[in-house]
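Report on one structure; see the data block that follows.
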Amino acid sequence: MSGSVQNITKMVTSMRGELIELTRDLVKFPTVNPPGEAYTPCAEFIGNLLARSGYEIQYVRGEGTPGDTNRYPRTNVIARIEGSRPGPVVHFNSHIDVVPPGEGWSVDPFAAIVRDGKVYGRGTCDMKGGMAASIIAAQAYTAINPNFPGAIEISGTVDEESGGYGGVAYLAERGFFSRPRVDHVIIPEPLNKDRVCLGHRGVWWAEIETKGEVAHGSMPFLGDCAIRHMGAVIESFEKKLFPALDRKQTAMPIVPPGAKRSTMNINAIHGGQTDDYSGLPSANVPDSCKMTIDRRFLIEEDMSQVKQEVIDILEEIKVSRDNFDYAVRDIMQVLPTMVDKDTPVALAVADGIREVFGREPEYVISPGTYDQKHITRIGHLQDCIAYGPGILDLAHRPDEFVVIDDMVESARVMALALSYLLEGKHTA
Ligand SMILES: [Zn+2]
């Protein structure tokens, strides 16, 4: 095996230039979600590239899933290469969508500029750099071991940033992420080159509406202001809910440490006149105010308890405040996921990290959710982790970048993990 370790190191290192160019090529597709721009050309680019390396290519459109239209088709690509004899199947899954670039960039977010050993651009870190590293890892491995056993799959999937319904969830429902088709899945999300990510926290997105009564704004006492009612909700959240969430600590190894507690973001709040109207306001008392909350929870909590905490606060206000009325609507729910450290794919990646870095891997849980949930819950495949280059803190921010050396080292880890999973760790 040590000879093969050296060969893998040599081969991946020699493909550094290709790795950089592949990352740049992927970043140049502005696969912004929403709305789901350039999915098809990006998927076809990946498909054409892998077809040239002997992979069989399948395109699967997430037909009828949220956002899927003829203008913005949810195009996924799945590539598979069969080995020379039966054996396990290892799958690398990356999402091709990126979040909108937003403001504050000092470089063109889709030019994929290389500077100071980094590639800059939206999606470099999250997660086209990781995808490129996994493709190079697979190509390096098959170049060295053309008679490998089993099969390797590489997929580029859509909509991870908006829940993955047109991407991994859609494919998982159709058996793409279940045995016997697949045995081990690595998702190259940017959790850092020396960390094995075992899962993620849970999510409850909900909309809370407070209700009022319309009246003329010069006589607000004749109506009932929904925004003032929402003010009472925020006040109560500040006094009771946020301190309670802060006190909830988890045994999950979440990074960064701030996310080892329960958290809630007030994502949006709206009441009364819309802000896209530029004329003079009309004198109205608003009869509705809506707040969107993004609650992230721990494996020790359950969904019903998470919801009940919010309902309890709203019910308490109802008792103490005149005419208070509310509604709560679920937007999205994701249960926390955590696989075992000694699941085969985690062991293989951990061994790869030990080999490349000469130290123990760190085991972490992601503060945010990603497509692992669909693979474990819909595909019923527990042998799935996230591992990839890049620092999560940089994801979704201006001047996002990925360090080229990190990509090369991660590609080495992935190629080693591939060899351990397909051939067994201790074969000659
Ligand atoms: Zn991501």
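For the residues Gly17, Gly54, Gly47, Gly102, the requirement of being at pLDDT 95 or above and assigned to a loop (DSSP other than H, G, I, E, B) singles out Gly54. Within the range 185-208, the set of residues being outside any strand (DSSP E or B) and more than 15 Å from the ligand (Cβ to nearest atom) comprises Lys193, Asp194. Residues in the range 127-155 that are of a type in the set (A, V, I, L, M, F, W, C), more than 16 Å from the ligand (Cβ to nearest atom) and either touching an Asp or Glu at 6+ places or on another chain (Cβ under 8 Å) or in a helix (DSSP H, G or I) (or both): Ile135, Ile136, Ala137, Ala138, Ala140, Ala143, Ile144, Phe148, Ala151.
Residues are listed down the side, and each one gets a yes or a no for (1) in contact with a helix residue (DSSP H, G or I) (Cβ under 7 Å, 6 or more places away or on another chain); (2) surrounded by 21 or more Cβ atoms within 10 Å (Cβ to Cβ):
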residue: Thr369; (1), (2): no, yes
residue: Gly388; (1), (2): yes, yes
residue: His396; (1), (2): yes, no
residue: Val408; (1), (2): yes, yes
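When Val182, Val158 are checked against the criterion of being within 16 Å of the ligand (Cβ to nearest atom) and crowded, with 21+ Cβ neighbours inside 10 Å, a single residue qualifies: Val158.
Could you check, for the range 72-79, whether at least one of its residues is touching a Gly at 6+ places or on another chain (Cβ under 7 Å), part of a strand (DSSP E or B) and surrounded by fewer than 23 Cβ atoms within 10 Å (Cβ to Cβ)? So far as the range 72-79 goes, no, none of its residues is touching a Gly at 6+ places or on another chain (Cβ under 7 Å), part of a strand (DSSP E or B) and surrounded by fewer than 23 Cβ atoms within 10 Å (Cβ to Cβ).
Counting only strands (runs of 3 or more DSSP E) that fall entirely inside the range 296-391 and contain at least 1 residues that are of a type in the set (Phe, Trp, Tyr), the qualifying elements are 326-334, 362-366. Cβ-Cβ contacts under 7 Å between residues 6 or more apart (or on different chains), taken from a first residue in the range 226-253 that is closer than 26 Å to Glu300 by Cα and not assigned by TED's automatic domain parsing to the domain that holds Pro367 to a second residue that is modelled with pLDDT under 95 and of a type in the set (Lys, Arg), are listed as Leu245/Arg261; Asp246/Arg261; Lys248/Arg261; Gln249/Lys260; Gln249/Arg261; Thr250/Lys260. For the condition within 22 Å of Glu207 (Cα to Cα), within 23 Å of the chain's Cα centre (by Cα), surrounded by fewer than 16 Cβ atoms within 10 Å (Cβ to Cβ) and at pLDDT 95 or above, Asp330 qualifies. Screening Tyr39, Tyr55 for residues that are within 15 Å of Ala140 (Cα to Cα) and not aliphatic (A, V, I, L, M) leaves exactly one candidate, Tyr55. Checked against the criterion of being hydrophobic (A, V, I, L, M, F, W, C) and away from the ligand (no atom under 16 Å from the Cβ), the candidates Val402, Val356, Val334 yield just one match: Val356.
The values are calculated or read from the model by the stated rules, or taken from the named source; none is laboratory data. On a predicted model such as this, the values are computed, not experimentally measured, just so you know. No Cβ is skipped: glycine too gets one built from the backbone with ideal geometry, and neighbour counts run over all protein chains shown.
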